[in-house]
Amino acid sequence: MMKANKLLRRCVCYGGMRKNKHIFISRDLSPDSVFRECLQEQGCTIEGQSLITFSARAFPSYPKADWIFFYSAKAAAYFRQGLEQLGLDWPTHTQIATIGKGTAQWLQNRGIDVHFIGSGNPKQTCEQFLIHAASKTVLFPQALHSKKSIERLAGQEIKAIPLIVYENEVRTDFTLRPADVLTLTSPLNAQAYFKSYPKESGQRIVSIGPTTSLALEKMGIKVTEEAAEPNETCLAEAVLRCLG
């Protein structure tokens, strides 16, 4: 919260510098979104919309593991929902890991202990996680189209067990205004956007992190700025850097 307030103060200082810029972000924003508030202070208009649909996928059971690793808060939420539908309690005797702070916070807000929190950067997170989990069995509740970044990077150093707990599919039923800055929050969102719209001349691209940046690079799209961490505060900072 302190970091968010500091960013908002900085936005006020920037005020008037970049009026009438339209910023798109590929996620649904809450009314009190830091991203929205900061950039509106800058005189920008904000359009926030997820370009992916999500739906639960039931699982009949899940294997025991030394660790459960979550790539996102959605994966944790759908895993918890699946357990409830099976009449099962949260596995309190299993160590819990997350790729970053946002997912860890979601779990901690619900009274769930988190034993490892990554930096959000897949390579760095994998290296740190292996210090604790090498040769261990790790369950990965995940999306149907997960990039499986930690599993791929860890290779044979862990026994990875993927468990699909939700489906994520690109949408085509959206119409968006031309944006000065595109803020893309996942590889699938990037895929959905550029499936419907070409990159415009002078349009700047903000990526939420290395995995999304790599996906954009493979699509031939140059990333202007990458968020330091995968959260709204750092995304807003990246947009501010794009705006000069």
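The table below lists the values:
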quantity: Relative contact order [Cα under 8 Å, 6+ residues apart], the chain, whole percent; calculated: 21 percent
quantity: Gain in span if fully extended, residue 144 to residue 199, counting 0.36 nm per residue against the direct Cα distance; calculated: 17.1 nm
quantity: Backbone N within segment 52-88 under 18 Å of label point (7 Å from residue 159 Cα along the Cβ vector); calculated: 62-69
quantity: Mean shadow area of the chain over all directions, Cα convex hull, nm²; calculated: 13.5 nm²
quantity: DSSP-defined beta bridges in the chain - what % are antiparallel, rounded to 5; calculated: 15 percent
quantity: Within segment 133-162, backbone nitrogen closer than 20 Å to the virtual label 7 Å beyond the Cα of residue 90 toward Cβ; calculated: 138-143
quantity: Segment 22-101 - Rg over Rh from alpha carbon coordinates, Kirkwood radius; calculated: 1.13
quantity: Nonlocal amide H pairs with residue 95, under 5 Å, H built at 1.01 Å; calculated: 68
quantity: Computed label-point distance, nm, for sites residue 113 and residue 135 using a 7 Å Cα→Cβ extension; calculated: 2.4 nm
quantity: Between helix 232-242 and the chain: long-axis angle, C-alpha atoms, 0 to 90°, nearest 10; calculated: 40 degrees
quantity: Listed peptides 112-121, 206-215, 133-142 by packing density, highest first (mean Cβ within 10 Å); calculated: 206-215, 133-142, 112-121
quantity: Filter on 19/218; 147/199; 101/147; 74/136 - keep pairs with C-alpha separation over 26 Å; calculated: 19/218
quantity: Residue 28-residue 49 pseudo-label distance in nm [points 7 Å out on the Cα-to-Cβ vector]; calculated: 1.3 nm
quantity: Dipole magnitude of the chain, debye to nearest 20 (Cβ charges: Lys/Arg +1, Asp/Glu -1, about Cα centre); calculated: 400 debye
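No value in this document is a laboratory result; all are computed from the given coordinates. Just so it is clear, the structure is predicted and the values come from calculations on it, not from any experiment. In this analysis, Cβ positions are derived from the backbone assuming ideal geometry, glycine residues included, and neighbour counts consider all displayed protein chains.
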